[in-house]
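> Supplied in structure tokens, the structure appears directly below.
The values are calculated or read from the model by the stated rules, or taken from the named source; none is laboratory data. Everything numeric in this text was worked out from a predicted model, so none of it was measured. FYI the Cβ positions are ideal-geometry reconstructions off the backbone, even for glycines, and counts take in every protein chain you see.
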Amino acid sequence: MAMGLNIVVCVKDTPTSLGVHVDSATKRVKHDGLQTALNPFDEYAVEEALRLKEKLPGSTTLAVSVGPPSAEGALREAMSRGIESAVLVSGPEFAGSDTYATSRALAAALRKLAADKPVHLVLFGKSSNDGNSGIVGPQVAAWLDWPSASSVKKIESVTDSAVTVTRMLEDGIDTLKLGLPAAVSTVKEINEPRLPSLKGKLSAKKAVIPRWTAADLGLGASEVGSAGSLARIAAESAPPSRPAGMTVEGATSAEKAAKLVDILIERKVI
Amino acid sequence: MTNKLDSGVLVVALGSRGSLAAAHELLTAGRSLADTLKERLSAVLLGRPPAEAARDLVERGADKVFVLEHEALSRPDEELQAAALVQLCQKERFGKILFPSSVAGRSLAARLSVKLKAAIATDVFALDAGEAGLKVRRAGYGGNIIGEVEFASPSCVMTLQGMVWPPAPKTPGRAGQVEAVAFAPSATRTEFVSSQAQEAGEIDLGGADLVVSGGRGLGSPEGFKPVRALAKALGAAVGASRAAVDAGWIPYRHQVGLTGRTIRPKLYMACGISGQIQHLAGMSSAKTIVAINSDPECPMMKAATLAVAGDVHEILPLVTGEIMKRRGAAVA
Ligand SMILES: Cc1cc2nc3c(=O)[nH]c(=O)nc-3n(C[C@H](O)[C@H](O)[C@H](O)COP(=O)(O)OP(=O)(O)OC[C@H]3O[C@@H](n4cnc5c(N)ncnc54)[C@H](O)[C@@H]3O)c2cc1C
């Protein structure tokens, strides 16, 4: 059993609905007026941090996000669920960050936090529901030369020096022991997230969330935002619509079933 | 213009239980990219690959295969595997580095992007190497938006979606180089404890041509029996909606959608699945979608190539029966 761990959860503020639209002039997704919230996949990382804290007295939990000022909403939501404190990495210089620049900023924030008191474990969600990349966890680990594991469905045990995790892979599962500090990206299977409590909501509302700029993190203008990014989205569009389908007709279920199999064989699908 | 120093396409041939199936798809994509760019196609094997693996990759289109041979690299230690790949990439200066979009592929690609200062795009489903440089396409917002991505760095790392490119065929006797690369592992903080392969006979969703999937409309865990029976008759993998997984009817590894797997099978049969946006995110690229649903107006029936209105409990066994009947007829 470990003594207390200092746990950080990296979260993102993302659109609550995926039914977004593209501005035909700019060929980019329209963000104006989009309602945002804590990325749903980050709820699992937040919950896991809370469970570890409950299990390991003396632990601390902190949420950090890189984003516009409105991303404070996601941090407050994490706090309303029980995360004790939060930091927002924000400033106009961060606009246009790809995963490379975002992970660099997160890594710098973790270094700054660690200069104050050690950071033991950093948790991530599976991916963001807008970008869908699922790579920021291992990217942050790479910046910091830490071990990492993605697709983690269970934290088996934690000691002062290591965390043992089970991952869900395409062809089975495996268990890894990572020396701390480490980065762990979670999947839904890991837990059942709690809802924010009323008390949590009230204290989250009042919480003061410090803002760190690139300068605070010791990052230069060329290392953040679009200047510090390597991948650029040239255009966004709606996916091509699927060819129109057809209804398989039949007077009885048996007729429909026979007709369906006929068509599938005829079209060489099966 | 690509930087003159960074050229060549590299396929990272990660094996899965001895199979290089994912690498074979990457070779098709990589070969066509290399031909367009008039560059060489290389591949790399890690760990202790079987003796014939390097030849196999050559016969499927690699001009050169690097073998990073070391027992330690056959374990899932991403720190070490990434270090070995970084060392190779720094020496060879590849311009495009391709990984499968698997858990391991994604994590290694992420580490390489940072260590090589290379742009990264995941889940790429189209590569367009034109005059203006390389542009790739990937989906975001759960499949609702297609993003066209460009790279500003001399090299880039990509994970390619499975089932988009066909596996590269074998040309027996095709010539190519094989080079063993020495690697001296340093200590890492990742320790492999144990692994457990998926149940024997279970077909992985990600590599399946045919998928039969069930949702809340199945009504109970027993409701999956006819789904499994049809899957068995077709040699298909079994998928599920989140509602079915959350109800505890079937394990999470079967979940298709935003929170689960993104797949591109030839056939996706959605049985009692309404087709909410988060489910469609995982399967709307299937070539043929069959929906069996009692509600003809639900989104899945609208998205379907073939929509069958009716009670899934009644129709599924009939479909299985028909297939068995035709198979029997074909044999006789
Ligand atoms: C952040 C987030 C992530 C999510 N991720 C995922 C994900 O990865 N995957 C996913 O699937 N969902 C996901 N969801 C949930 C998704 O929104 C839907 O709730 C879910 O897909 C519904 O599953 P279903 O279609 O099985 O159930 P329902 O929507 O309840 O649909 C059941 C269907 O069965 C039909 N039916 C009922 N009885 C019969 C019968 N006897 N015969 C034939 N048809 C019948 C009904 O007409 C209906 O269409 C996510 C949601 C959120 C908010």
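> Give the number of residues within segment B:271-280 that are near the ligand (Cβ under 8 Å from one of its atoms) and either surrounded by 23 or more Cβ atoms within 10 Å (Cβ to Cβ) or free of Cβ contacts under 8 Å to residues at least 40 places away in the same chain (or both).
Matching residues across segment B:271-280 total 6.
> Could you list, in sequence order, all residues of segment B:124-142 that are crowded, with 22+ Cβ neighbours inside 10 Å and not in a strand (DSSP E or B)?
Of everything in segment B:124-142, those that are crowded, with 22+ Cβ neighbours inside 10 Å and not in a strand (DSSP E or B) turn out to be B:Tyr141, B:Gly142.
> Exactly one of these conditions fails for B:Gly239: (1) part of a helix (DSSP H, G or I); (2) crowded, with 18+ Cβ neighbours inside 10 Å; (3) within 16 Å of the ligand (Cβ to nearest atom); (4) modelled with pLDDT of 95 or more. Give me its number.
Going through the list (1) part of a helix (DSSP H, G or I); (2) crowded, with 18+ Cβ neighbours inside 10 Å; (3) within 16 Å of the ligand (Cβ to nearest atom); (4) modelled with pLDDT of 95 or more, B:Gly239 breaks only (1).
> Same structure again: Say we look at segment A:233-270 and pick out the residues that are buried (at least 16 other Cβ atoms within 10 Å of the Cβ) and in contact (Cβ under 8 Å) with a residue 60 or more places away in the chain; which of these is nearest to the chain's Cα centre (by Cα)?
Among them, the one singled out is A:Ile233.
> Please work out if B:Ile145 is under 30 Å from B:Pro317 (Cα atoms) and either touching a His at 6+ places or on another chain (Cβ under 7 Å) or within 13 Å of chain A (Cβ to nearest Cβ) (or both).
Judged against the criteria, B:Ile145 is not a match.
> Have a look at A:Glu54, A:Glu93, A:Glu77 and point out the one that is in contact with a strand residue (DSSP E or B) (Cβ under 9 Å, 6 or more places away or on another chain), acidic (Asp, Glu) and either in a helix (DSSP H, G or I) or closer than 19 Å to A:Thr213 by Cα (or both).
Matching residue, one of A:Glu54, A:Glu93, A:Glu77: A:Glu77.
> Has segment B:306-316 got at least one residue that is near the ligand (Cβ under 9 Å from one of its atoms), farther than 17 Å from A:Ala258 by Cβ, at the interface with chain A (Cβ under 7 Å from one of its Cβ atoms) and crowded, with 21+ Cβ neighbours inside 10 Å?
No, that holds for no residue.
> Also, I was wondering about something else. Looking at A:Ala231, A:Ala214, A:Ala235, A:Ala257, which is the one that is at pLDDT 95 or above, in contact with a Phe, Trp or Tyr (Cβ under 9 Å, 6 or more places away or on another chain) and within 7 Å of chain B (Cβ to nearest Cβ)?
A:Ala231
> The conditions are (1) assigned to a helix (DSSP H, G or I); (2) surrounded by 24 or more Cβ atoms within 10 Å (Cβ to Cβ), and A:Val163 fails exactly one of them. Which is it?
The one condition A:Val163 does not meet is (1).
> Can you tell me which residue among A:Ala95, A:Ala109, A:Ala101 is surrounded by fewer than 22 Cβ atoms within 10 Å (Cβ to Cβ) and more than 22 Å from B:Thr262 (Cβ to Cβ)?
A:Ala95
> I'd like to check something: does segment A:129-140 contain any residue that is crowded, with 24+ Cβ neighbours inside 10 Å and hydroxyl-bearing (Ser, Thr, Tyr)?
no
> Has segment B:248-256 got any residue that is in a loop (DSSP other than H, G, I, E, B), of a type outside the set (S, T, N, Q) and at the interface with another protein chain (Cβ under 9 Å from one of its Cβ atoms)?
Checked segment B:248-256: at least one residue is in a loop (DSSP other than H, G, I, E, B), of a type outside the set (S, T, N, Q) and at the interface with another protein chain (Cβ under 9 Å from one of its Cβ atoms).
> Here's something else I'd like to know. Every residue in segment B:257-269 that is within 12 Å of chain A (Cβ to nearest Cβ) and touching a residue at least 24 places away in the same chain (Cβ under 8 Å), please.
B:Gly257, B:Leu258, B:Arg261, B:Thr262, B:Ile263, B:Pro265, B:Lys266, B:Leu267, B:Tyr268, B:Met269
> Checking the conditions here, which among B:Asp209, B:Asp204 is of a type in the set (Asp, Glu), closer than 23 Å to B:Gly321 by Cβ and away from the ligand (no atom under 14 Å from the Cβ)?
Matching residue, one of B:Asp209, B:Asp204: B:Asp209.
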